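Here's the structure, in structure tokens; my notes come after.
The values are calculated or read from the model by the stated rules, or taken from the named source; none is laboratory data. Because the structure is predicted, anything quoted here is derived from the model rather than measured. Cβ atoms come from the backbone with ideal geometry, glycine included; neighbour counts cover every protein chain shown.
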Amino acid sequence: VAEGDVLLEVRDVVMNFSGVRALDGVSISVRKGSIHGLIGPNGSGKTTLLNVVSGVYKPTSGQVSFGGVRADGRKPHQVATLGIGRTFQHPLVFDELTVRENVVVGAERLFRSRLVQLLFGTRAAVREERRMVRSAEAAIERVGLEELREALAGGLPFGRQRLLELARSLAGEPLLLMLDEPAAGLAEDDLVELASLLQTLRDGGMTVLLIEHHMDFLLRLVETVTVLDQGEVIFDGTPAAARSDERVLEAYLGA
Ligand code: ADP
């Protein structure tokens with residue numbers, strides 16, 4: 001992998017929580033424009049890694065670089081401003097707001113922090129506000145929720161709420177999208193729709209880091225998969241190779 005192709009570089013990351021070593025020297029390179037899978041048994045450190053990359057946790061040691069810029073040690077909103085968006089295992093939507101309002105709120109958090117830093121009180125700030133609204137509209141269309149724009153989020157079926165959460169992240173115009181189990185709880189039709197949406201995003205140049213328990217869903221989508229077990233990388237390679245790797249099979253099927 002050429003150095004210039006890597007968007008996210010995690011190097012030797014250790015994360016300790018009072019006595020628990022959740023990550024034990026994890027290194028991962030995510031190539032620009034790829035869908036990169038992250039799998040592993042429960043408790044293997046997947047969510048912790050996402051939390052380290054998104055600035056929720058400062059790693060005990062090791063480095064995170066994004067587009068060649070150091071990202072570890074920054075606060076979550078600063079990491080978002082670098083261009084890293086994420087979703088959560090459980091959709092975070094405001095039930096009493098409409099789809100459109102939810103997405104605008106998602107975009108606002110990111111754009112506001114940019115505004116305060118760069119543009120406060122200027123004409124450029126007004127332009128940024130307009131851009132934010134346009135970006136929210138575009139995100140709603142990208143996930144195919146335009147017909148439900150004015151519907152209350154709380155009344156949407158679960159699969160639509162997942163798409164809404166995705167739209168909220170997209171509205172921040174991330175370069176890297178990190179998804180924490182987006183397929184969890186989805187019916188087969190929704191899975192097919194989500195898979196084709198992720199492919200469309202990737203074809204449009206988006207980079208995706210995907211945590212997923214649904215192995216078939218994940219292995220069909222990704223170019224590269226990293227497998228964690230007990231806080232360590234036990235495999236990094238193609239889905240085809242992962243399916244027949246002894247350590248991977250053992251981690252999933254073994255004791
Ligand atoms: P996964 O997402 O793969 O299921 P996690 O990253 O959630 O795994 O957890 C990895 C390990 O770190 C587990 O042993 C978990 O109990 C521990 N852990 C995660 N977050 C914390 C925390 N905030 N405090 C203490 N231990 C944690």
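Observations on the structure shown:
- Selection count, the range 55-84, where residues are modelled with pLDDT of 95 or more, among the hydroxyl-bearing types (S, T, Y) and either touching a helix residue (DSSP H, G or I) at 6+ places or on another chain (Cβ under 6 Å) or closer than 16 Å to E232 by Cα (or both): 3
- Answer residue from the range 54-66, given it is surrounded by fewer than 19 Cβ atoms within 10 Å (Cβ to Cβ) and farther than 19 Å from L179 by Cβ and is farthest from the ligand (Cβ to nearest atom) among those: S65
- Set R247, R202, R220: member being assigned to a helix (DSSP H, G or I), closer than 30 Å to T81 by Cβ and not hydrophobic (A, V, I, L, M, F, W, C): R202
- Checked against (1) in contact with a strand residue (DSSP E or B) (Cβ under 8 Å, 6 or more places away or on another chain); (2) surrounded by 15 or more Cβ atoms within 10 Å (Cβ to Cβ); (3) part of a loop (DSSP other than H, G, I, E, B), V93 passes all but a single condition, namely (1).
- G19 over 24 Å from R247 (Cβ atoms), surrounded by fewer than 23 Cβ atoms within 10 Å (Cβ to Cβ) and away from the ligand (no atom under 12 Å from the Cβ): no
- Residues (within 19 Å of T207 (Cβ to Cβ), over 13 Å from the mean Cα position of the chain (by Cα) and buried (at least 17 other Cβ atoms within 10 Å of the Cβ)) located in the range 32-53: I39
- The test for being in contact (Cβ under 8 Å) with a residue 24 or more places away in the chain, farther than 18 Å from F235 by Cβ and not small (G, A, S) does not hold for I28.
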